[in-house]
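The values are calculated or read from the model by the stated rules, or taken from the named source; none is laboratory data. Values in this document were obtained by computation on a predicted structure and should not be read as measured data. Here the Cβ is made from the backbone with ideal geometry for all residues, glycine too, and neighbour counts use every protein chain on show. Quick note on the areas: whole protein, heavy atoms, side chains included, nothing else; ligands and nucleic acids left out. Shrake-Rupley method; radii C 1.70, N 1.55, O 1.52, S 1.80 Å.
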Amino acid sequence: RIEALMTSLSQISNDVAHDLRTPLARLHGQLAGLGAQPGADALRPQIEEAMAQSEEILAMFAAILRITEVEGGDRRSMFRRLDLAEIAAGAAEALEVLADERGQTLRLGPWDSAPVEGDARLLTQLVVNLIENAVNHTPPGAMLAVSVAREADAAVLTIADNGPGIAPDEHARALRRFGRLEHSRNRPGHGLGLPLVQAIAVLHRGALELTDNRPGLRVRVCLSLAQ
């Protein structure tokens with residue numbers, strides 16, 4: 001009964017996101033058109049703020065629908081043999097600039113060759129989401145590290161930082177949809193980044209683990225090595 005209720009609740013959020021995305025996109029277009037009209041200069045700051053808020057809501061709806069798509073499992077038909085290390089290295093190198101802009105250090109590697117069966121685009125999104133999450137929730141001067149290692153029969157992606165971390169009793173909440181922690185409520189975001197990462201890991205028959213980095217947070221994604 002509990003499982004059925006949770007499924008129903010999840011479906012409600014999916015339906016709301018799907019049904020409201022089109023009218024919200026239409027509203028965003030109307031705001032853009034209004035801002036381009038002659039004489040709109042006096043209201044331009046308010047129009048731009050309204051557009052920014054509508055873009056944030058559209059991004060939230062897109063994330064909800066993305067999670068639903070991933071949880072559906074249909075993407076497994078697109079799986080092929082990949083090297084998790086190559087995907088992680090490429091995504092991390094592309095985000096070095098983001099960390100530099102915030103005065104953070106992003107340490108890359110080591111990259112142990114780790115063949116897995118998976119979807120390249122989804123695994124890239126997984127890595128990007130985790131690194132961006134670490135960048136956004138750690139202060140300037142923080143140290144972030146990304147690596148891939150082989151442990152027994154598993155490929156393990158690790159993203160670690162020395163920021164404020166997440167208390168162990170809040171790990172489950174952080175992985176729940178819209179499960180924003182108290183210290184994150186004043187920052188941009190909608191609490192769907194880690195749930196999407198978890199959905200991608202589960203699709204690949206893997207697991208997402210949050211542990212204490214003493215100090216900071218250590219995130220591990222464990223996937224089975226390809227045979």
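Taking residues in segment 13-36 that are within 17 Å of Gln53 (Cβ to Cβ), and partners anywhere that are modelled with pLDDT of 75 or more and outside any helix (DSSP H, G or I), the pairs with Cβ atoms closer than 8 Å and at least 6 places apart or on different chains are Leu34/Ala40.
Somewhere in segment 73-96, is a residue modelled with pLDDT of 90 or more and at positive phi? Scanning segment 73-96, I find no residue that is modelled with pLDDT of 90 or more and at positive phi, so the answer is no. Of the residues making up segment 37-72, those that are out of contact with any helix residue (DSSP H, G or I) (no Cβ under 9 Å at 6 or more places or on another chain), in a helix (DSSP H, G or I) and either in contact (Cβ under 8 Å) with a residue 12 or more places away in the chain or among the polar types (S, T, N, Q) (or both) are Gln46, Gln53, Glu56, Ala59.
Restricting attention to segment 41-59 and to residues that are open to solvent by 80 Å² or more (accessible area, probe 1.4 Å) and among the aliphatic types (A, V, I, L, M), the residue that is farthest from Cys222 (Cα to Cα) turns out to be Ala42.
Using the structure shown, decide if Glu55 is within 18 Å of the chain's Cα centre (by Cα) and more than 21 Å from Asn133 (Cα to Cα). Against the criterion (within 18 Å of the chain's Cα centre (by Cα) and more than 21 Å from Asn133 (Cα to Cα)), Glu55 does not qualify. If you take the residues of segment 129-157 that are among the aliphatic types (A, V, I, L, M) and open to solvent by 10 Å² or more (accessible area, probe 1.4 Å), which of them is nearest to the chain's Cα centre (by Cα)? Going through the qualifying residues, I end up with Ala145. Residues that are modelled with pLDDT of 85 or more and farther than 25 Å from Glu55 by Cβ within segment 171-197 are absent altogether.
When we screen Leu122, Leu108, Leu126 for residues that are open to solvent by less than 60 Å² (accessible area, probe 1.4 Å) and more than 19 Å from Leu225 (Cβ to Cβ), the only hit is Leu108. Output the residues belonging to segment 60-83 that are closer than 26 Å to Val156 by Cβ, more than 17 Å from the chain's Cα centre (by Cα) and either charged (D, E, K, R) or open to solvent by less than 40 Å² (accessible area, probe 1.4 Å) (or both). Within segment 60-83, Gly73, Arg75, Arg76, Arg80, Arg81, Leu82, Asp83 meet the criteria.
Answer yes or no as to whether Pro23 is more than 20 Å from the chain's Cα centre (by Cα), exposed (fewer than 12 other Cβ atoms within 10 Å of the Cβ) and under 29 Å from His137 (Cα atoms). In short, no.
Note on segment 198-227: residues that are touching a Cys at 6+ places or on another chain (Cβ under 9 Å) and either open to solvent by less than 50 Å² (accessible area, probe 1.4 Å) or part of a helix (DSSP H, G or I) (or both) amount to 4.
Taken over segment 84-105, residues that are more than 17 Å from Gly206 (Cβ to Cβ), part of a helix (DSSP H, G or I) and open to solvent by less than 10 Å² (accessible area, probe 1.4 Å) amount to 2.
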